[in-house]
Amino acid sequence: MTIWIKVLLVYCVIINIVAFATYGIDKYKAIHKKWRIPELSLILLAWFGGSIGAILGMLLFHHKTRKIKFKVWVPLALIVHLICLLIIVFKII
């Protein structure tokens with residue numbers, strides 16, 4: 001396993017933990033009527049590699065599950081990431 005694959009794996013783990021935690025923090029802030037994390041930031045976390053953490057955060061915290069843009073953009077990010085993973089693993093291109 002090359003160093004770049006190891007770095008990519010560490011990045012994926014960290015960004016997913018950050019995404020999951022951010023969804024939880026935003027849910028906490030919503031309940032307590034505090035300043036919220038912008039929706040664009042939540043969606044971008046998913047697109048920058050945290051799609052699994054974002055989906056788990058949505059499901060576990062029941063957060064943003066009724067919003068259409070989250071129902072579309074976050075799973076779409078996961079699909080794109082899985083396609084990229086398949087391309088990398090199987091060197092399709």
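The requirement of being at positive phi, surrounded by 14 or more Cβ atoms within 10 Å (Cβ to Cβ), modelled with pLDDT of 95 or more and in contact with a helix residue (DSSP H, G or I) (Cβ under 7 Å, 6 or more places away or on another chain) is fulfilled somewhere in region 39-49, by at least one residue. When every residue of region 36-46 is checked against the conditions, at least one turns out to be charged (D, E, K, R) and in a loop (DSSP other than H, G, I, E, B). Out of 71, 64, one residue alone is basic (Lys, Arg), in a loop (DSSP other than H, G, I, E, B) and surrounded by 11 or more Cβ atoms within 10 Å (Cβ to Cβ). It is 64. Sub-8 Å Cβ pairs linking a first residue in region 65-78 that is at negative phi and at pLDDT 95 or above to a second residue that is polar (S, T, N, Q) and in a helix (DSSP H, G or I), at least 6 apart or interchain, are 74/51; 75/51; 77/51; 78/51, ordered by first then second residue.
The values are calculated or read from the model by the stated rules, or taken from the named source; none is laboratory data. Keep in mind that this is a model prediction, so the values were computed, not measured. Quick reminder, even Gly has a Cβ in these numbers, built from the backbone with ideal geometry, and neighbours come from all protein chains shown.
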